[in-house]
Amino acid sequence: MRLRPPESDFQNIRSLDLFTEIADQHFDVLMRGAYVQNFPPQIELIAEGDTCDFLHVVLSGSVDLFSSWNGRETSMATVRPVSTFILAATVKDAPYLMSARTLEKSRIVLVPSKDVRSVFDIDPGFARAVVTELAQCYRSVVKNTKDLKLRTSLERLANYILRQQRRAGGATTFELQFEKRRLASFLGMTPENLSRAFKGLQPYGVRVEGSQFVILSQSDLERFAKPNPLIDDYST
């Protein structure tokens, strides 16, 4: 069932960097045609190659962006609240380059792409925000490519663990954010290689207990991983 977003959702969307500088009347134009839907887990929201009809805003839950080719599939990114996807296809009026599916029960606002493009043409504040977000996405892609091309699979896993530790507030014990098969795909590994990599990190102070990472020696892990903000800091 399609419902217009309630006022509380409007406020969450308005707080996104993408919409903070937009004029009120233009934000109203975007929201006039928008609607909110609740999706159960493992529902495909978009398929790569399809026409981009909507800009999606994740209000709760999480979404997996993934791609498939020649019988193989890889996870590209995870979208968490409150954030948008896939902006580039919306602005270019181009086909989706990735598919998306819910990882858990998710609440998502769909904003018509044609409305986004029309407001982009007339609202300079919104246009600047769009360019800024696309620039940030480009830089994230460059960092991810450097991670894949310059590091071994063991180094990628070690730095992934350090990034997740920062997300967990620096705790030495924290939960794996998603299933190991999907983590292997995200890191460009097979599940078998990931299992071996977990064992390979034991000499560097990392223990994996079910879905938990336990860091026993921070210094040993960082000495091996050699984290680099030009690769690992996605905030810049």
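The values are calculated or read from the model by the stated rules, or taken from the named source; none is laboratory data. Remember, predicted model here, so these are calculated numbers, not experimental data. Positions of Cβ are backbone-derived with ideal geometry, glycine not excepted, and every protein chain shown enters the neighbour counts.
List of remarks:
- Total residues in the range 16-35 satisfying the condition of being in a loop (DSSP other than H, G, I, E, B) and among the β-branched types (Val, Ile, Thr): the figure is 2.
- Of residues in the range 23-48 being of a type in the set (Asp, Glu) and surrounded by fewer than 17 Cβ atoms within 10 Å (Cβ to Cβ), the one nearest to GLY125 (Cα to Cα): ASP24
- Some residue of the range 36-52 being under 17 Å from VAL130 (Cα atoms), assigned by TED's automatic domain parsing to the domain that holds THR102 and within 23 Å of the chain's Cα centre (by Cα): yes
- Which listed residue, of ARG207, ARG166, is out of contact with any helix residue (DSSP H, G or I) (no Cβ under 8 Å at 6 or more places or on another chain) and closer than 25 Å to LEU103 by Cβ: ARG166
- Selection status of VAL109, of a type outside the set (Ser, Thr, Tyr), assigned by TED's automatic domain parsing to the domain that holds ALA47 and modelled with pLDDT of 95 or more: no
- Whichever residue in the range 169-204 is among the basic types (Lys, Arg) and out of contact with any helix residue (DSSP H, G or I) (no Cβ under 7 Å at 6 or more places or on another chain) and, among such residues, is farthest from GLU222 (Cα to Cα): ARG182
- Residues (farther than 20 Å from LEU18 by Cα, touching a Leu at 6+ places or on another chain (Cβ under 8 Å) and crowded, with 16+ Cβ neighbours inside 10 Å) located in the range 62-96: ASP64, SER75, MET76
- Entirely in the range 36-113, the strands (runs of 3 or more DSSP E) that have 1 or more residues that are of a type in the set (A, V, I, L, M) and touching a helix residue (DSSP H, G or I) at 6+ places or on another chain (Cβ under 7 Å): 54-60, 106-112
- Filter result (under 18 Å from PHE224 (Cβ atoms), buried (at least 18 other Cβ atoms within 10 Å of the Cβ) and without any contact (Cβ under 8 Å) to a residue 60 or more places away in the chain) within the range 161-193: GLN165, LEU187, MET189
- Scan of the range 116-138 for residues that are modelled with pLDDT of 95 or more and more than 16 Å from ASP17 (Cα to Cα), ordered by number: ARG117, SER118, ASP121, ILE122
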